[in-house]
1. So if we plug the beta-carbon distance of LEU101 and ASN127 into 1/(1 + (r/R0)^6) with R0 = 35 Å, what FRET efficiency do we get, rounded to 0.05?
2. Give me a comma-separated list of calculated 3J(HN,Hα) values for the range 133-148, in order, Karplus coefficients 6.51, -1.76, 1.60 applied at θ = phi - 60°, integers in Hz, x for any Gly or Pro.
3. How are the Cα pair distances of the range 37-145 distributed, in percent, across 10 Å bins from 0?
4. Convert each backbone phi in the range 214-224 into a coupling constant with the Karplus relation 6.51 cos²θ - 1.76 cosθ + 1.60 (shift: θ = phi - 60°), then list the ³J(HN,Hα) values in order as whole Hz, x for Gly and Pro.
5. Using modelled amide H (1.01 Å from N, peptide plane; none on Pro or chain starts), what sits under 5 Å from the amide H of VAL222, excluding residues fewer than 5 places away?
6. Taking amide H positions as placed in the peptide plane 1.01 Å from N, state which residues far from GLN52 in sequence (5 or more) or on other chains have amide H under 5 Å from it.
7. State the percentage of accessible surface on the range 57-100 attributable to carbon and sulfur atoms; use a 1.4 Å probe and exclude ligands, DNA and RNA.
8. Looking at the range 192-257, which trypsin sites (Lys or Arg not before Pro) are in a loop (DSSP not H, G, I, E or B) and have at most 13 other Cβ atoms within 10 Å?
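The values are calculated or read from the model by the stated rules, or taken from the named source; none is laboratory data. On a predicted model such as this, the values are computed, not experimentally measured, just so you know. Every residue, glycine as well, gets a Cβ built from its backbone with ideal geometry; the counts of neighbours run over all protein chains shown. Please note that ligands, DNA and RNA were not included when accessible areas were found on the heavy atoms of the full protein model with its side chains. Shrake-Rupley method; radii C 1.70, N 1.55, O 1.52, S 1.80 Å.
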Amino acid sequence: MSLQLPKRAAGTLRRVALLAALGTTLVLLSSCSAQTQHEWKNLAMPDPATEQSHHIFLLWRYAWIAAMVTGVIVWALIFWVVVAYRRKSDDEIPIQTRYNLPLEIFYTIAPIMMVIVFFYWTVNVQNIVLKESEAPDQVIEVVGQQWSWTFNHGLGEPDYAHVDGVGVDDEYAYDEYVYEVGTGSYIPTLVIPVGETVRFNLHSPDVIHDFGVPGFLMKMDVIPGRVNHYEVTPEVIGTYRGKCYELCGVYHSRMLFNVEVVSKADYQAYLQEKKADGAVSDSPLLGGVTAGTQAGLRSGNETHGGNE
């Protein structure tokens, strides 16, 4: 035999428990740090740091808002049905509804319309962030390989007829490059200027990698035999973190890099510093154990700054 509380007492206990739960939630939320509250505000998305990333951020935010509105409506309908059509007494059988044609049509059309809207805005944002200028300010040849990164910065003015990074007849955008080579024990740093359009040409001499910077809200696959590319225009000077987002082998976790967004004057000073240090070549370094092979996938006989 089980103990049963009077209905009034049970209702009072439920209300007390609900108030206690709400109070606990408010206390926990108020005790969150400013950083945690900021993450909640951004829906776990970093602050956009480039001109292109604002569009991605807005798509993310409004997609969540649409999802939450839809969830609230669905849950409200569920609870309304539970309450409105509940059994009122033990000898009562609720009305049995087999189907409702207008409601079923609505439930079919509404999700289709939502998918169409999401598809439209996704394609629209994708076209914006992948749009490339005819004359980017900087063209950087990025190499992702097992298991680090190499960044090739051009010196002087680029030749816009060869900004695609394909290297037809060994001709690239610049006549001279300086490079930053990472290894398994050294995390390289990618330096780019604020307020300038920077194009990344992505190369891989071995397997598929993925070049991504969370602060830029953007990543792209690095595929052997194919040069993918995209552009960013940094808006905020600062330090960011980047990594490989594609499982590329046993030391995938080492494929980290730093990003320094600096002023235009500091960027030019960085290039001259690398040149003075001897990290200079006539063409970008596109392959090898430490991405020190200028010929990359084509031969591997010529080395510069690394070993093969």
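1. The value I calculate is 0.35.
2. Taking θ as phi minus 60°, the curve returns 7, 6, 9, x, 5, 9, 10, 10, 8, 9, 10, x, 8, 6, 9, 6 Hz for the range 133-148.
3. 10, 24, 24, 18, 12, 7, 3, 1
4. Running phi through 6.51 cos²θ - 1.76 cosθ + 1.60 with θ = phi - 60° gives x, x, 8, 6, 8, 8, 7, 5, 10, 10, x Hz.
5. For VAL222, whose amide H was placed from the backbone, the distant partners under 5 Å are HIS209, ASP210, PHE211.
6. When sequence neighbours closer than 5 places are left aside, the close amide H contacts are THR233.
7. 69 percent
8. ARG226
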